[in-house]
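Bear in mind that the values in this text are calculations on the coordinates, not laboratory data. Quick caveat: nothing in here was measured; it's all calculated off a predicted structure. Here the Cβ is made from the backbone with ideal geometry for all residues, glycine too, and neighbour counts use every protein chain on show.
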Amino acid sequence: MKIIFATGNKGKLREAAEILGEGFTLMCPADIGITEDIEETGETLEENSVIKADYIHDRTGMDCFADDTGLEVDALGGAPGVHSARYATEGHDFDANIDKLLAELEKCPGEPRTARFRSVVTLVFKGERHFFEGTLEGVIAPARRGGNGFGYDPVFIPDEFPENTVAELDDETKNAISHRGKALRAMAEWLRENA
Ligand code: ITT
């Protein structure tokens, strides 16, 4: 089926295409001439996920979905959470975000470095919203390792692979355990049953 993924993040788009596989033809907003940044004014992942999906559905009338993801670090009271993309600066500066995260954790020596990625996916199908969620538990590494993935992957060690950061895993392995993999596989299953 043809569906729009309401994202401007190329890493997310690549992962979603691999997770959803051949039964889905994925398009992104830029493919249909929508290039502006969608303002994420919500206070929760759920709200921002709805804002992005509704924005694209309102302008196209097409089935679409959005993913809002946050990194929740326990020692930082759940930060950066909904502010993960703009933690250090207003731009989506992955490097600056990681520098700030490591600096904030240095201020809490002895505290556990446990954290999780949480993805909330909003699907708008035939004009109705449906929600899917996935989490990945792990710990924050003391320094960057690995060159795969994107965002905070170089400093996130998943419980399933305690020797590796997510950026040291290949795409297939990341997708098999990831927050996004879990949420999007649940969405695909729902669509197979209901579409
Ligand atoms: P869209 O809103 O256009 O989809 P975005 O990058 O702004 O793209 P989010 O609002 O969901 O996405 O922001 C979440 C930030 O969290 C994102 O910029 C990354 O830095 C990080 N992030 C999201 N998914 C991640 C993943 O799988 N691995 C590592 N970091 C991730």
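Per the Cauchy relation, a quarter of the hull surface: what is the mean projected area of the convex hull of the alpha carbons in the range 3-62, in nm²? Let's see the in-between values first.
Numbers: hull surface 17.2 nm².
One quarter of the hull surface, i.e. the mean projection, equals 4.3 nm².
Tell me the net charge near Lys52. Cut-off is 9 Å between Cβ atoms, Lys52 excluded, with +1 for each Lys or Arg and -1 for each Asp or Glu. Net of charged neighbours comes to -4. As I understand it, the value is the acute angle between the Cα axis of helix 94-106 and the longest principal axis of the Cα atoms of the chain; what does it come to in degrees, rounded to 10? The angle comes out near 40 degrees.
Our summary of shape: the Cα atoms of the range 94-134 have principal axis extents of 49, 22, 10 Å, ordered from largest down, in whole angstrom.
Relative to the longest principal axis of the Cα atoms of the chain, helix 45-60 runs at roughly 30 degrees.
Taking max minus min of the alpha-carbon positions on each principal axis, the range 60-121 gives extents of 51, 22, 13 Å, largest first.
Any chance you could list the semi-axes, whole Å, largest first, of the equivalent ellipsoid that the Cα gyration tensor gives for the range 122-195, using √(5λ)? List each step's numbers first, then the result.
Details: eigenvalues 175, 24, 20 Å².
The answer is 30, 11, 10 Å, longest axis first.
Here the chain is treated as a sphere whose radius is the Kirkwood value from Cα pairs; by Stokes-Einstein at 4 °C and 1.567 mPa s it diffuses with a coefficient of 76 µm²/s. Along the range 170-187 the Karplus relation, 6.51 cos²θ - 1.76 cosθ + 1.60 evaluated at θ = phi - 60°, assigns HN-Hα couplings of 6, 4, 4, 5, 4, 4, 5, 10, 7, 3, 5, x, 5, 5, 6, 5, 5, 5 Hz to successive residues, with x for each Gly and Pro. Net length available on complete extension from Met27 to His83 is 17.6 nm, with 0.36 nm assigned per residue and the Cα-Cα distance removed.
Kirkwood hydrodynamic radius for the range 88-167: how many Å is it when counted over pairs of different Cα atoms?
One over the average 1/r among Cα pairs gives 14.2 Å for the range 88-167.
Annotation: peptides 24-30, 133-139, 37-43, ranked by per-residue average of other Cβ atoms within 10 Å with the highest first, follow the order 133-139, 24-30, 37-43.
How large is the Kirkwood hydrodynamic radius of the range 29-75, counting all unique pairs of alpha carbons, in Å? About 11.8 Å for the range 29-75.
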